[in-house]
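Here is the structure we will look at, set down as structure tokens.
The values are calculated or read from the model by the stated rules, or taken from the named source; none is laboratory data. Treat the numbers as computed from the prediction; the structure is a model and nothing was measured. Cβ atoms come from the backbone with ideal geometry, glycine included; neighbour counts cover every protein chain shown. The area values use the complete protein model at the heavy-atom level, side chains included, leaving out ligands, DNA and RNA. Shrake-Rupley method; radii C 1.70, N 1.55, O 1.52, S 1.80 Å.
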Amino acid sequence: MASIKDVATEAGVSVATVSRVLNDYPSVSADARTRVLAAVKALGYRPNVVARSLRTNQTRALGLVISDVLNPYFTHLARSVEEEARALGYSVIIGNADERPDLQDHHVRTLLDRRIDGLLVSPTDGGSPLMLDAAKAGTPMVFVDRWIAGVDVPVVRSDGRAAVRDLVAHLCGLGHRRLAIIAGPAATTTGRERVEAFRQALAEYGLPLPDAYVGQGDFQVESGRRATERFLDLAEPPEVVFAADNLMALGALDAIRARGLRIPDDIALAAFDDIPWFVHTNPPITAIAQPTGELGRAAVRALVDRIEGRPPESVTLPARLVARRSCGEPAPQEPPAPTEPSPATNRSQL
């Protein structure tokens, strides 16, 4: 493997000049820069990142700990984070918490040990002493999607409360009155916020939310299935099941189909977190969409601002309702078929 001394010899310059070129110092002549870069390419030289990080106290690496890599929402979020980080000259190391606080803290500890420049986290719960200590120690950190109350770091998230109100208004307009929710874990901010928004929206329409119509989920498929099965076993099942994330909606869909029921004829289904495959179900699923890509990009920008000494800002973006067919919405009207012009019309146009 070529060394920096080999590059200097090949280019006919000093080791210090090679170092200045590789670190993009402006005080290098164009000719020397050209010769150094040509030597780097010819020799296949790769800088020692570890040594550079010790000299500069920067690794140009960001850590991202997401709640569940199998959740399409977080997969999309991670991709947008990686793309924006790369555009800003950073790489990303990803850890999957799998909705487990212990695994989350394992990844956070590992990333901090690797001297990352900053950390993006979607917390699995609100009580991690490790992240509280890291924030107090001045570690550049941004919470994305979820956050921990009392930890003074920027938060980049969407606000789904207005979209939940829009959903309830939409369902009431379709004639539904018995509405149930599969809630996310109460330990997460999103789990609490979505069920509270749903309850408040129902109250605005004079509708109750009985305890029997609140299923406790964990943002995983199986919890959505179990909660829906309990709803269906009630003497008076709900007319609509609203799953507070896409994986629990998938579990609800499985439970409904396992009973031989039809959506929306027998029971309606809606979800928080719109994902691409919702348009491919029969019928397509009505959902609340978050601006996932922009959330990921905004989170990276906030973190890089913090790393590079600029004041970072929290960002809140609105979610929106995407109405499809799973709640009894009328089918879209097909455009009228084109008609052949009459012979008379043809003659008049000649």
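Listed by first and then second residue, the pairs with beta-carbon distance under 8 Å, at least 6 apart or on different chains, first residue in the stretch 148-159 and at pLDDT below 85, second surrounded by 14 or more Cβ atoms within 10 Å (Cβ to Cβ) and in a loop (DSSP other than H, G, I, E, B), are 149/126. Within the stretch 57-77, the residues that satisfy the criterion of being among the hydrophobic types (A, V, I, L, M, F, W, C) and buried (at least 19 other Cβ atoms within 10 Å of the Cβ) are 62, 64, 65, 66, 74, 77. Among the residues of the stretch 198-216, those identified as aliphatic (A, V, I, L, M) and either farther than 19 Å from residue 161 by Cβ or open to solvent by less than 50 Å² (accessible area, probe 1.4 Å) (or both) are 201, 202, 207, 209, 212, 214. Restricting 221, 241 to those that are surrounded by fewer than 23 Cβ atoms within 10 Å (Cβ to Cβ) and in contact with a helix residue (DSSP H, G or I) (Cβ under 7 Å, 6 or more places away or on another chain) reduces the list to 221. Restricting 305, 266 to those that are open to solvent by 10 Å² or more (accessible area, probe 1.4 Å), within 28 Å of residue 79 (Cα to Cα) and free of Cβ contacts under 8 Å to residues at least 24 places away in the same chain reduces the list to 305. Restricting the first member to the stretch 95-120 and to residues that are within 17 Å of residue 147 (Cβ to Cβ) and touching a residue at least 24 places away in the same chain (Cβ under 8 Å), and the second to residues that are open to solvent by 40 Å² or more (accessible area, probe 1.4 Å) and in a strand (DSSP E or B), no beta-carbon pair is closer than 9 Å while six or more apart or on different chains. Within this structure, residue 53 passes the test of being modelled with pLDDT under 90, over 17 Å from the mean Cα position of the chain (by Cα), under 19 Å from residue 140 (Cβ atoms) and of a type outside the set (A, V, I, L, M, F, W, C).
A residue that is under 23 Å from residue 196 (Cβ atoms) and free of Cβ contacts under 8 Å to residues at least 60 places away in the same chain can be found somewhere in the stretch 130-147. Restricting attention to the stretch 83-94, the residues that are assigned to a helix (DSSP H, G or I) and either in contact (Cβ under 8 Å) with a residue 24 or more places away in the chain or open to solvent by less than 10 Å² (accessible area, probe 1.4 Å) (or both) add up to 3.
Among the residues of the stretch 277-302, the ones that are open to solvent by 40 Å² or more (accessible area, probe 1.4 Å) and either small (Gly, Ala, Ser) or in a strand (DSSP E or B) (or both) come to 0 in all.
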